[in-house]
1. Any residue at all in the stretch 68-77 that is at pLDDT below 90, surrounded by 20 or more Cβ atoms within 10 Å (Cβ to Cβ) and assigned to a helix (DSSP H, G or I)?
2. Could you tell me which residue of the stretch 326-344 is modelled with the highest pLDDT, considering only residues that are surrounded by fewer than 17 Cβ atoms within 10 Å (Cβ to Cβ) and under 42 Å from the mean Cα position of the chain (by Cα)?
3. Could you identify the single residue in 393, 402, 458, 452 that is modelled with pLDDT under 80 and either in a strand (DSSP E or B) or within 19 Å of residue 320 (Cα to Cα) (or both)?
4. Which numbered condition in (1) touching a helix residue (DSSP H, G or I) at 6+ places or on another chain (Cβ under 9 Å); (2) in a loop (DSSP other than H, G, I, E, B) is the only one that residue 132 fails?
5. Is there a residue being buried (at least 24 other Cβ atoms within 10 Å of the Cβ) and either more than 21 Å from residue 24 (Cα to Cα) or assigned by TED's automatic domain parsing to the domain that holds residue 256 (or both) anywhere in the stretch 186-193?
6. For residue 489, which of the numbered conditions (1) out of contact with any helix residue (DSSP H, G or I) (no Cβ under 9 Å at 6 or more places or on another chain); (2) part of a loop (DSSP other than H, G, I, E, B); (3) at pLDDT 90 or above fails to hold?
7. Suppose we keep only residues that are part of a helix (DSSP H, G or I) and touching a helix residue (DSSP H, G or I) at 6+ places or on another chain (Cβ under 8 Å) within the stretch 140-167. Which one would you say is farthest from residue 41 (Cα to Cα)?
8. In contact (Cβ under 8 Å) with a residue 60 or more places away in the chain, surrounded by 13 or more Cβ atoms within 10 Å (Cβ to Cβ) and farther than 22 Å from residue 126 by Cβ: is that true of residue 230 in this structure?
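The values are calculated or read from the model by the stated rules, or taken from the named source; none is laboratory data. For clarity, every value in this text was computed on a predicted model and none was experimentally measured. Reconstructed Cβ throughout: ideal geometry from the backbone, glycine too, with neighbour counts over all protein chains shown.
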């Protein structure tokens, strides 16, 4: 179990990390918080409204009583232990929610103080990182927008929590931190203590507070007496009451503002009529434009686009592969004369520019996403030197961390040379490609070789049809009406809020994408959810090739939604690829709760040789449970080429184990 963040009694600002003497007390505090919030769904108006929730409340209160001796040994007072027994009796008698909530919160506060157990982030949480981690690890169950409607939600009993509900006003980030860190018994909610460090869990916990459907942040005109500790420890309802008890008026939208921008706590409030640092830039905005409301609307939209450009452009970089010149860099002058003083020749004598494109920063450690094709040399290998031009015009060397050639993805990292100034980096804000819908604004940014950043506006023409690429790569890509200039591939595709939702790629069949002109009516983008799911394993494995098992998968929820009656016999193969068949689709009540559905198998392949069938449900890889296609891809890439892995498969009510060696994807098996 991770150590709790400790706070000395009476201090609201200490931020030291410590491991409690009795770490099981973390769960005791969490159970009290859980009861305080969820009891309201179990009992209403003195009657049991939800038998499952009510039984869970009784189970949790019994667990608290069973921890009495451990609490006493840890230093809890007899008054607290008596209160725990009283709480159990109130739950057994189905007492009103307000009565149970008040006592549960009071007991949690007493234990926090008596046992020196608190609850502070070591530094201001990064909500953009929390959003990205949520998309990778939580959205498959809880849904992209936190509505509890993820692809795997229909398979879970009880269903996953909806974070967009108004009852989130009763939840604190500390409560969510406990759920993410410790897991919830009797549900599919796992503990992430072994996978995420405390800072990452705080990032997710603070981000979850912003998913409420009526979330409406508005910056206050005057400062409020709140600290980061208050924001972490208390719910919105409790914060409002505490501030108003101090005689200070506060609006719920102000709490939402601090939830969205926790770093703004303690900053001076802006004077009326001025813009906050967190507000979108709007240089030159006219307060009362001539021409009526239509022109005002157009100017507001224009300002929104300008805000995206100003916000997103600093994260966009130019990427050039440099190739050693056979003549050592000396070129004979032509009779007509020529320009020779290019930046590459000055910075990298003896090298010439090969392919060039764009990319974007995804971390303050200097990691960059770009397209794989930019990294290639003329001989089919990878270039010796990569030059990255930052938004400020400075040039830096980058190394290739990993590549995924099948989907045209490359991961780079800036190299800091001794004696050179450290560049100021501004990573992109990573959004969720699952949130953008057909018809939404789509904005492509690039940094082609030379000065300036390109900026093109269009709309999303079609979203991806599936998450796992195999035979048909284009089904995994987004299509947009955005024109991409020469050198713009590898740049980000942003939404109207400036969040990256994709990466512009030339798409299948483009032999020399670096030369493509913006003449196509539609352009492709790699969904950012897929890119980021593979980015993390590429960082760890530093792989240069595509791992391959020879099958593709679907979310179980997608399969359930289009179930057809079973029929005997399979469908013929075409060109060695077994076409998608519904012959082994199972009825919903026979599905396991978790896993991914195998809908395509290539022959010959490692999976086919191991006896994997269309219609099998893959439950885990080397014991790592799969809840989404993203998790399948993550563990496949972490396993790596050449490693023999164990697949746990559900087939016709039985659990089978298959051992298969991860292969390199054959060049002949190139997706369309």
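1. Yes, the conditions are met somewhere in the stretch 68-77.
2. Ranking the candidates gives 343 first.
3. Details: 393 fails: modelled with pLDDT under 80; 402 fails: modelled with pLDDT under 80; 458 fails: modelled with pLDDT under 80.
Answer to the check: 452.
4. It is condition (2) that residue 132 fails.
5. Here is the first cut: in the stretch 186-193, the residues buried (at least 24 other Cβ atoms within 10 Å of the Cβ) are none.
Checking the stretch 186-193: not a single residue is buried (at least 24 other Cβ atoms within 10 Å of the Cβ) and either more than 21 Å from residue 24 (Cα to Cα) or assigned by TED's automatic domain parsing to the domain that holds residue 256 (or both).
6. The number of the failed condition is (1).
7. 140
8. no
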